[in-house]
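Chemist: Below you'll find the structure I mean.
Since every read-out is calculated from the coordinates, none of them should be taken as a lab result. Note that this is a predicted model, so its numbers are computed, not measured. All Cβ positions, even for glycine, are placed from backbone atoms using ideal geometry, and neighbour counts span all protein chains on display.
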Amino acid sequence: MTKRIISLLLILVLSLTFLGSCGNEKEASANEPSSIDSSKASTEESSEDESSESPLNDLIDSSVSDIVANMTLWQKIGQMIMPSIRTWNGEPVTSTIPEDLKKVINKYHVGNIILFAENFGTVEDTVRLTHSLNEALSIDIPMFIGADQEGGNVVRLNYGCSLVGNMALGAIGSDEDSYIVGKITGEQLSALGLNLDLAPTLDVNNNPANPVINIRSFSEDPDLVARLGVSMIKGMQDKSVSACAKHFPGHGDTETDSHYGLPSIDKSYDEIKKMELVPFQAAIDGGIDMIMTAHIQFPQVESEEKNGLILPATLSKKILTDILKEDMGFNGVVITDSMHMDAIASHFSMAEASIIAINAGVDILLMPVLLHHDGHARELENFISSIVQAVASGKIPMSRINDAVTRIITAKKERGLWEQKRLSLDEKIANASQAVGNAEHKAIERELASKAVTVLENKSGTLFADMTNGKSLLFAVPSEDVGKNVEFMLNRLISENKINISYKIKSYEESEANILDEFDGVVLLTDTSSSWEIEAPLKVYEKAKTNNKSLAVISCRIPYDTALFTEADCLLACYCPKGGVPQTDTSAFGVNIGGAIEVLLGVEEGQGKLPVTIYNVSKNGEIDFDTVVYPKG
């Protein structure tokens, strides 16, 4: 607590110092008409002039306060944005960045970049890309280069380890295993030149109808989410990758996806302190570098309106400053969820939303602009100009800008970004080739996949272990991708001499038609989401029962659907439907389904315990909270 108070006092002193120095040349330049009046002079030219004035070279040994004091307003705003670069003028950006894009990044001092799946080619390509991004800047302030590498069903890398995902880790319940997952994730990202993981999700999934969080959460238990989340964060940050806990103050108790609408959680501050805020407080106490905001209304906590709308958390000073920074003592970086999501973009202009967000306490705006083609360069210029004008007019206090940038530079210093930047390209490529998808990590990934499996029904006492010696099985799958994953796993087990079976893999429709064929057993895999499209697998289930076939059901996504399959001979949950087949030894692919197959066939033992409560549910997804089918644990 003492360290937290000292840190807050330091930030306050620095902010007041910078506010008092607004008469110096660098701060005053923001007020010059040539810098802010795009109708009279090019803001593009003014940003170039400011860059040439700044003594921001060789800063590895410089203090945070010295760095911030020597930055222009344009450079500071550049630190406060994180655009995406999925493509550039229709071409993929997977290796060295195009020269035109490099000029845009340098001209506007872009301080951070988020990468998506489109940006990941080969391991060497990615190292070259991240190296060239930092080389694009003429000032010596390394970028935060981040991605949503949550693990399980939400991953961006097409190589390395996808790992098992949070709810599978919740089923295992081990601090050590969560730390190991964080460490593997951090090691592979760091080797590739990424230094920020927009993970873990610390939302408490206490609403089974949640359409967007569900298996991305560790559990419905806030204490379990806190414990495992802190362990994962430590693993990442021990490998010099900043972790980012999301989505503050909580996205678990919603039935709306904020990508497409504006959710609302009608709880009081006292209520969310006992549930939603528990994992975030633990993360803050554990030293988390960054926290991502939620585009969600909390009307009992924040009642202020703008444009006829109660302000969502991303735009709420009460939530981000009064609660997160002051009450909870967070001294790190606050970043928004994507500003292009409908929850924000449908109700505010980008400039208006960004100004409100900064004043609310946001330090980095995630994707307020995109960098996908030449036209976006002008949008970036106009956007930065709007923030410059807001500062010049007093809409945004200079002290708020300085506080934000101080937090950002402090995080970059503490996570060793300057040291990482100074490695040569050859060193980085060599490190990545050793770290990404190595045999040790792959072995751990496979072990965790089977360990996480939860066995809910085992009427024979041996699952399907007695069917691994010359028997025939029909696998009914929800998609071709899952089917290929099942085929890969079965063939691997056969080649390892662990099973001896014949099998066929069919779609639900084909499986229903083939139930009467000479199969000794049926294995039904479900991929139920919150949309609750369950009719097709239920037909296979009912027909297998009617014809007295030995039947196993593997719930691959949300485990709440297991309530509909209680009469199966074997019922398992594996918490991630990701499929795919590895193209090389280092390729990323889904491992949870393979782990469930190993457990079902007696190759490994499933140790997972339910991290959520399974309630009675109708075929159309209506949940009866008065009837528990399988309790948590």
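Chemist: What is the spin-label model distance, in nm, from Asn620 to Arg378 if the labels are put 7 Å beyond Cα along the C-beta direction?
Modeler: 5.1
Chemist: Take every Cα pair under 8 Å in the chain that's 6+ residues apart, average their separations, divide by the length, and report that relative contact order as a whole percent. Working shown, then result.
Modeler: On the way: 1389 pairs, mean separation 95.3, N = 633.
15 percent.
Chemist: Next question, about the same structure. Quick one: net charge around Ala536, please, counting Lys, Arg +1 and Asp, Glu -1 for every other residue with C-beta under 13 Å from its C-beta. Walk me through the numbers before you get to the answer.
Modeler: Details: positive: Lys506, Lys539, Lys543, Lys619; negative: Glu509, Glu510, Glu512, Asp527, Glu533, Glu535, Glu542, Asp561.
Summing Lys/Arg as +1 and Asp/Glu as -1 gives -4.
Chemist: I want the local charge near Ile358. Using Cβ-Cβ distances under 12 Å, sum +1 for each Lys or Arg and -1 for each Asp or Glu among the other residues. Intermediate results must be reported in sequence, preceding the final value.
Modeler: On the way: positive: Lys76, Lys317, Lys395, Arg400; negative: Glu352, Asp363, Asp403.
Neighbourhood net charge equals +1.
Chemist: Beta carbons within 10 angstrom, averaged per residue: use that to sort the peptides 608-616, 77-85, highest first.
Modeler: Packing order, densest peptide first, comes out as 77-85, 608-616.
Chemist: If you don't mind, another one. Taking Cα centroids, how far is segment 267-307 from segment 590-617 in Å?
Modeler: Their Cα centres are 32 Å away from one another.
Chemist: Same structure again: Neighbouring Cβ atoms within 10 Å as the yardstick, rank Glu533, Glu276, Glu518 fewest first. List each step's numbers first, then the result.
Modeler: On the way: Glu533 13, Glu276 27, Glu518 7.
So the residues, fewest neighbours to most, are Glu518, Glu533, Glu276.
Chemist: Apply 1/(1 + (r/R0)^6) to the Cβ-Cβ distance of Arg422 and Asp125, taking R0 = 22 Å, and write down the FRET efficiency to the nearest 0.05.
Modeler: On the way: r = 21 Å, r/R0 = 0.97.
The pair Arg422/Asp125 has a calculated efficiency of 0.55.
Chemist: Could you point to the residue in Val612, Val522, Ile558 farthest towards the positive end of segment 475-633's charge dipole, with +1 and -1 charges on the Cβ of Lys/Arg and Asp/Glu respectively?
Modeler: Ranked along the dipole, the leading option is Val612.
Chemist: Let me ask something else about it. Suppose every K and R has +1 on its Cβ and every D and E has -1 on its Cβ; what is the size of the dipole of the chain about the Cα centre, in Debye to the nearest 20?
Modeler: Working: 53 positive and 89 negative charges, 136 e Å.
Value, rounded to 20: 660 debye.
Chemist: I would also like to ask the following. Counting other beta carbons within 10 Å of each Cβ, put Arg86, Arg407, Arg156 in order, fewest first.
Modeler: Working: Arg86 16, Arg407 24, Arg156 21.
Going from least to most buried by this count: Arg86, Arg156, Arg407.
Chemist: As I understand it, the value is the acute angle between the Cα axis of helix 439-451 and the longest principal axis of the Cα atoms of the chain; what does it come to in degrees, rounded to 10?
Modeler: Result, in degrees: 60.
Chemist: Another question about this same structure. Using the number of other C-beta atoms within 10 angstrom as an exposure proxy, rank Met350, Met467, Met167, Met290 with the fewest first.
Modeler: Details: Met350 19, Met467 23, Met167 32, Met290 26.
Neighbour counts put them in this order, fewest first: Met350, Met467, Met290, Met167.
Chemist: Specify the inter-centroid distance of segment 96-163 and segment 56-72, based on alpha-carbon positions, in whole Å.
Modeler: 23
Chemist: For Cα pairs less than 8 Å apart in space and 6+ apart in sequence, what is the mean separation divided by the residue count of segment 450-630, i.e. the relative contact order in percent?
Modeler: On the way: 382 pairs, mean separation 56.2, N = 181.
Computed over segment 450-630, the figure is 31 percent.
Chemist: State to the nearest 20 debye the size of the charge dipole of segment 209-268 about its Cα centre, where the only charges are +1 on K and R beta carbons and -1 on D and E beta carbons. Intermediate results must be reported in sequence, preceding the final value.
Modeler: Numbers: 6 positive and 8 negative charges, 74 e Å.
For segment 209-268, the charge dipole is close to 360 debye.
Chemist: Follow-up question, since we're still on this one. Set the Förster distance to 45 Å, then compute FRET efficiency between Tyr260 and Asn469 from the Cβ-Cβ distance, nearest 0.05.
Modeler: Values: r = 50 Å, r/R0 = 1.10.
That gives a FRET efficiency of 0.35.
Chemist: At Asn548 and Asp58, where each label point lies 7 Å from the Cα along Cα→Cβ, what is the point-to-point distance in nanometres?
Modeler: Going by the 7 Å Cα→Cβ label model, 8.6 nm.
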